[in-house]
Structure formats: structure tokens, C-alpha cells
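Accompanying notes for the structure given below.
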Amino acid sequence: MSGEFLTELGRLLGDDTVGAPADRVFLGRGAHAADEVYTVVPAIGKARLLVPHGDRRAAGAAIRHTSAPRSAKDRLRQRVLAGVFSTGLGRRTLGDLFFRDRLAVRAEPSLAEHLSGLLGEQVRLSVRFGPPRANRKPVLQLIDGRARTIAYAKMAVNELTTTLIDAEHRALRLLADRDLAPARVPEVLHFGTWAGAALLVVGALPVSQDAPPDGLTPLSLAAMRSIAQVQGVTRARYAGSTYAARLAAQVDVLGERPAATLMRRALAECAGAELGFGCWHGDWNGGNMSVRDGQLLLWDFERFTPDVPVGYDPLHFELHEAVAVRHTDPVVAARAVAERAVELLAPLGVDAAVANEVAALYFVEIGSRYLGDGLDNLGRPMGRVDEWINGAFAGLGGRWASLVGEN
């Protein structure tokens, strides 16, 4: 995490005036007099989280509810860190002593004050951000006076994140008041701008801090069916469909790199397939869901898309969990998902006769997205599209394997 990114984030947190003076933001050890001070965790050069400085209750809540831990090790780390920030003397926390870097902002009103006005109660902010990637953006946790997380907000930082936040707003508006049982999605509380950047505020779901289920379950599959069918399912031949034109255009921007050439050959193989078209979440994984009281709570709808072949969500879930959670090599993971295509797609009503076509289209969809977003240049495992997409088609067997020289 660069200091420049944090300085720009400080401007966004502190002032809604585009081009506000840089001296309103302090980044470093200690803190100058400021309206709001945040502790940088763990440090400026590798920051992942900002928590309210000097507020044990808010800082502890920020750590506890940052995310649902995915493993016993993650749960232990989260409990220890929350304990460090919840312990101290007066408003001073041990976390503020261990983590010495600060981001301080001066402004009136600040973003925290603006959000407090929108929600009708005073809130403090915690900010998290993932590792460097094209769609990285600050996600704000809004914590009330009783140390409860009552809402989340996302802010755009570039053209791509603006597009994604706009898309999530449209998706949540579409899904509002729909019967999605057993799925439940966040409520939009506000959509507007701050400091010239798109700002989306959604209500907090009652997320369980237990790790999400390992693998697909009857509950998650039922939720996937609800999302797929929210606008109905239509049947059409792939060739000539609006989706075919959209996907071909997504591949065309990749030029003549080997993966793009392979993708085009795969699309040609799908031309005659009769498919069901519906909606998909676009990034369904264990980090975007939680189970509570028989409901599947689901968030992060930035990639939600209608009019796609039904079945993408279970394929994506399995591929993501294998690579991101179990740390399987993406080549091995993609091949394993391909080999299970019929099994994975059957619960969503995909006929076995076209399961391989749906899987092939999914691999093209997600591979072209990752390459289009520049994931191949960020050192992320799934960015190795030129490698794993060959394994994916090999795993489908038959004519698909022939595309990559197998069989």
C-alpha cells in the first residue's frame, strides 16, 4: 500500500472539495492536531485496515467485524487483534501503542460527519482495502455509539471502481423487495458522491462470525437458483444471443494473445448450444456470504449481470475457493472444476448435454475479465489465465481438450 494511496484516501475521508489542500492530511508516526485520527494496521507500507484512533470500543468492533474469518488460524488472529485494540487505559488502546502509523485528517464536515447526517446518528469509520488489484477500493465500516456495525460504504477511486459501484447500486435496486429466499441481500441506504467520487452506502447484514460452509451446500445452491431466476430464465441458442455479442467483444479487446485466440475458438464451439439465460452474482465466494438462521446472507454485487448462461455461480464458487482458500494451483483447480461440470451444474437445472458448453463459456467469461482488468500483471494466482485456461479446456475432454492439443 503506497503512501500516495493513503494520502488520497485521507483527502476523501476529510473533505468533499475536489483538490483540497494536501496539508489537511497527515500520514506518519504520531499525529498532528486533527479532527479525526486513524491507526494504520499494520503499517503504511502494507496497510490493510484503518481503525478509529483512541476509541477502544469502536476499534475493537472494527477488527471483530471486518470480515468473517475463513480458517481457525484467521479466527485466532482476528480475536487477538481485536483484544489488543479493545484493551487499554481510558480511550487509549494497546493497538495504538503497537501500531504507530497514523492517518489524520482535518475537515468540516468530514466524510464521517456526512455519513452521520445521512444515517441520523453519529458514526465512526473503519476502512479496509485488499491487496493491489484493478478493482481495489476503500470499504468503510460505519460503527455507531454502541460499537455496532450498522452500515458499509464503498467509494470509487478510478474509472473501473466507479463502474463497479454504479453496477452494484443498480443490482441492489433490482433485487430489492424480490423474493430471493433463502438469499438475503443488503438494503441501499444512500447513493451519491463525495469529493467527486461515487459513494454507495448499504445496511449491514447480521453476519455470523463463524467461517462460511466449506463447499457448496443445499442452502447455497438454493440461493444460487433464486439469484439465477430473479428475472426469469429464457432459453435461446448461444449464437445470435446478446450475451454472445457481449462476450465476444470482451475477448476482442485482449488482442491476439494466445489465451484470447483459444477463447475465440471455444466460443465458436458453443455456437449451436441451446442454453438457459438468467442472472449471476458475478463473484460468489465464501468471503461474500454468511449463513444465519437458515438464510444465506450475500453481498458484493459489483459484478452482478443478467442475461448470462445459468450455472456460472457454482462454477465460480468452486474455482475461487480452491485457489484462494485451499491454495490449489489454478491450473489444477480449473481442470478439476471442468471435470465436475455436469455434477456442479445439475442443481441449477443445466442439462448434462450442454454442461460443458456452459463451463467453457464461464472459463472464457472469467478469464477475459481477469485479463481485461490486468490481473495478470499483479502476481495473483488467477491472473495466470494463459496457463489455467488450457487446463480448464483439457478437463472438459473431447473436442474441448483438442483445442489445447490434448486428445
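Quick notes
- Distance-filtered residues of the stretch 270-306 - backbone nitrogen under 14 Å, label point 7 angstrom along GLN229 Cα→Cβ: 277-279
- Rg in Å to one decimal, and Dmax rounded to a whole Å, for the chain via C-alpha atoms: 22.4, 70
- Against the chain, whose longest principal axis comes from its Cα atoms, helix 218-228 is set at around 80 degrees.
- Computed from Cα atoms, the angle from the helix 385-396 axis to the main principal axis of the chain rounds to 40 degrees.
- Straightening the chain between GLU4 and ARG265 buys 89.7 nm, computed as 0.36 nm per residue apart minus the Cα-Cα spacing.
- Sequence-ordered 3J(HN,Hα) estimates for the stretch 287-299 from the Karplus curve with 6.51, -1.76 and 1.60 and θ = phi - 60° stand at x, 10, 8, 8, 10, 8, 6, x, 10, 9, 7, 9, 9 Hz, glycine and proline given as x.
- Highest-first packing order for the peptide set 229-239, 177-187, 358-368 is 358-368, 177-187, 229-239, based on the mean count of other beta carbon atoms within 10 Å.
- Phi angles of the stretch 154-171 translate, via the Karplus equation with coefficients 6.51, -1.76, 1.60 and θ = phi - 60°, into HN-Hα couplings of 10, 10, 7, 10, 7, 5, 5, 5, 4, 4, 5, 5, 4, 5, 5, 4, 4, 5 Hz per residue; Gly and Pro are given as x.
- Label-reachable residues, the stretch 302-330, where backbone N falls under 16 Å from a point 7 Å from ASP74's Cα toward its Cβ: 317-328
- Percent carbon-and-sulfur accessible area, the chain, ignoring ligands, DNA and RNA, probe 1.4 Å: 51
- Paramagnetic reach from ASP329 (point 7 Å along Cα→Cβ, amide N under 19 Å) across the stretch 360-399: 379-397
- Under a 5 Å amide H cut-off, with hydrogens placed 1.01 Å from N, VAL207 pairs with nothing among residues at least 5 apart or on other chains.
- Rough spin-label spacing in nm, given labels placed 7 Å along Cα→Cβ, for THR87 and ASP293: 3.4
- For the stretch 203-288, the Kirkwood hydrodynamic radius from C-alpha pairs, put into Stokes-Einstein at 37 °C and a viscosity of 0.692 mPa s, yields a diffusion coefficient of 207 µm² per second.
- Extension gain from LYS46 to ARG100, taking 0.36 nm per residue of separation minus the Cα-Cα distance: 18.1 nm
- In the context of the full set of protein chains, residues of the chain present 42 Å² of accessible surface per residue (probe radius 1.4 Å, heavy atoms only).
- Each peptide in 308-319, 252-263, 151-162 was scored by the mean count of other Cβ atoms within 10 Å over its residues; highest first, the order is 308-319, 151-162, 252-263.
- More than 23 Å apart - percent of Cα-Cα pairs taken over the stretch 301-407: 23
- Label separation (ARG146 vs ARG170): 3.8 nm, computed from points 7 Å beyond Cα along the C-beta direction.
- Lysines whose Cα lies under 27 Å from that of LYS154, excluding same-chain neighbours fewer than 8 positions away: LYS46, LYS137
- Rounded to the nearest Hz, the phi-derived 3J(HN,Hα) couplings of the stretch 328-344 under the Karplus curve 6.51 cos²θ - 1.76 cosθ + 1.60 (θ = phi - 60°) are 6, 4, x, 5, 5, 5, 5, 5, 5, 5, 4, 5, 9, 4, 4, 5, 5, where x marks glycine and proline.
- Of ASN285, ASN377, ASN390, the one that fluctuates the most in a GNM where the chain has Cα springs shorter than 10 Å: ASN377
- Efficiency of FRET between GLU108 and SER402 - r from beta-carbon atoms, R0 60 angstrom, step 0.05: 0.35
The values are calculated or read from the model by the stated rules, or taken from the named source; none is laboratory data. Here the structure is a predicted model, which is why all the values come from computation and not from measurement. Counting neighbours? That spans all protein chains shown, and the Cβs are built from the backbone with ideal geometry, glycine included. Areas reflect the complete protein model, heavy atoms only, side chains present, ligands, DNA and RNA absent. Shrake-Rupley method; radii C 1.70, N 1.55, O 1.52, S 1.80 Å.
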